[in-house]
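Student: Take a look at this one; I'll ask things after.
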Amino acid sequence: MNFTNCRIPIKQRDTAKLFPCGDKLNEHRAHQEIIQWWNVPYIDELSYEETGAIGVFVLDGATWDCPRKISEHDTFEEAVTAANFYIKHSPLFRRHHEAYMPTAKVDHLLDMSSLIHGKMERPTEKELFDYMFHWLPPAEDALVKSA
């Protein structure tokens, strides 16, 4: 796998199979894939062939079946700068070699959670996270499997 100078993974034709695949329910992904890629932004050079722009993607649960496109850029350098910015300024995003933590952003769903959760009172962020991301492997699994 290739990385930028600031350790951002680069998805290219010959390494595409190492990255999270699309069209797969996140809860059906292998735990090892989640532990390796959860909240890790990467640059997808292959997206240039489809859109004419280089995409920055992340597997973070915001889409139910594929990594989410964070942004698109005209140049590779702009994509690297953006991915590095996201990692430095997000409490959730991490670098590829950093420890996995089962975290996701759910605060934006709290207002609609009565529809999702099926009850009228507003759940806490933890209740909503536990309901929506029950399939995320715990952090302890990552420690055991990587040892």
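The values are calculated or read from the model by the stated rules, or taken from the named source; none is laboratory data. Remember, predicted model here, so these are calculated numbers, not experimental data. All Cβ positions, glycine included, derive from the backbone under ideal geometry; neighbour counts span all protein chains shown. Note: accessible area is taken over every heavy atom of the protein model, side chains too, but ligands, DNA and RNA are not part of it. Shrake-Rupley method; radii C 1.70, N 1.55, O 1.52, S 1.80 Å.
Student: On full extension of the chain, what length is gained from Q32 through Y48, given 0.36 nm per residue of separation minus the C-alpha to C-alpha distance? Please list the in-between numbers first.
Tutor: Details: separation 16, 0.36 × 16 = 5.76 nm, distance 2.78 nm.
That works out to 3.0 nm of additional length.
Student: To the nearest 10 Å², what's F85's accessible area with a 1.4 Å probe?
Tutor: That residue has around 110 Å² of solvent-accessible surface.
Student: Now a separate question. Using the crude model of +1 on Lys and Arg Cβ and -1 on Asp and Glu Cβ, and no other charge, please compute the dipole size for the chain relative to its Cα centre, in debye to 20.
Tutor: On the way: 16 positive and 23 negative charges, 71 e Å.
The calculation lands at about 340 debye.
Student: Trypsin sites (Lys or Arg not before Pro) within the stretch 1-67: which are DSSP loop residues with at most 16 other Cβ atoms inside 10 Å?
Tutor: On the way: sites: R7, K11, R13, K17, K24, R29; in loops: R7, K24, R29.
Here the trypsin sites (Lys or Arg not before Pro) that fit, given the DSSP loop and packing criteria, are R7, K24.
Student: Which residues make up the longest stretch of the chain clear of GluC sites (Glu not before Pro) that lie in a DSSP loop with no more than 14 other Cβ atoms within 10 Å, not counting the sites?
Tutor: Values: sites that count: E98, E121.
Longest site-free region, per DSSP loop and neighbour criteria: 1-97.
Student: Still on this structure, I have one more. Does the stretch 1-52 classify as rounded, prolate or oblate by the C-alpha gyration tensor (a ≥ b ≥ c root eigenvalues; a/c under 1.5 gives rounded; else a/b over b/c gives prolate, otherwise oblate)? Provide the component values of the computation, followed by the final result.
Tutor: Values: a/c = 2.14, a/b = 1.32, b/c = 1.61.
Because a/c hits 1.5 or more and a/b fails to exceed b/c, the stretch 1-52 counts as oblate.
Student: Let me ask something else. Looking at the square roots a ≥ b ≥ c of the eigenvalues of the Cα gyration tensor of the chain, which shape do they give, rounded for a/c under 1.5, prolate if a/b is larger than b/c, or oblate?
Tutor: Working: a/c = 1.94, a/b = 1.53, b/c = 1.27.
Verdict is prolate for the chain.
Student: Give a residue-ordered list of calculated ³J(HN,Hα) values for the stretch 42-47 (Karplus: 6.51 cos²θ - 1.76 cosθ + 1.60, θ = phi - 60°; whole Hz; x for Gly, Pro).
Tutor: Values, residue by residue: 9, 9, 10, 5, 5, 5 Hz.
Student: Next up: How far apart, in nm, are two points set 7 Å out from the Cα along the Cα-to-Cβ line at W64 and at L18?
Tutor: 3.2
Student: For helix 76-89, what angle does its Cα long axis make with the longest principal axis of the chain, in degrees from 0 to 90 and rounded to 10?
Tutor: 30
Student: Suppose each label sits 7 Å from its Cα in the direction of the beta carbon; what would the E140-E127 distance come out to in nanometres?
Tutor: Placing both labels 7 Å beyond Cα along the Cβ direction yields 2.5 nm.
Student: Dipole magnitude of the stretch 1-87 about its Cα centre, charges +1 at Lys/Arg Cβ and -1 at Asp/Glu Cβ only, in debye to the nearest 20?
Tutor: 320
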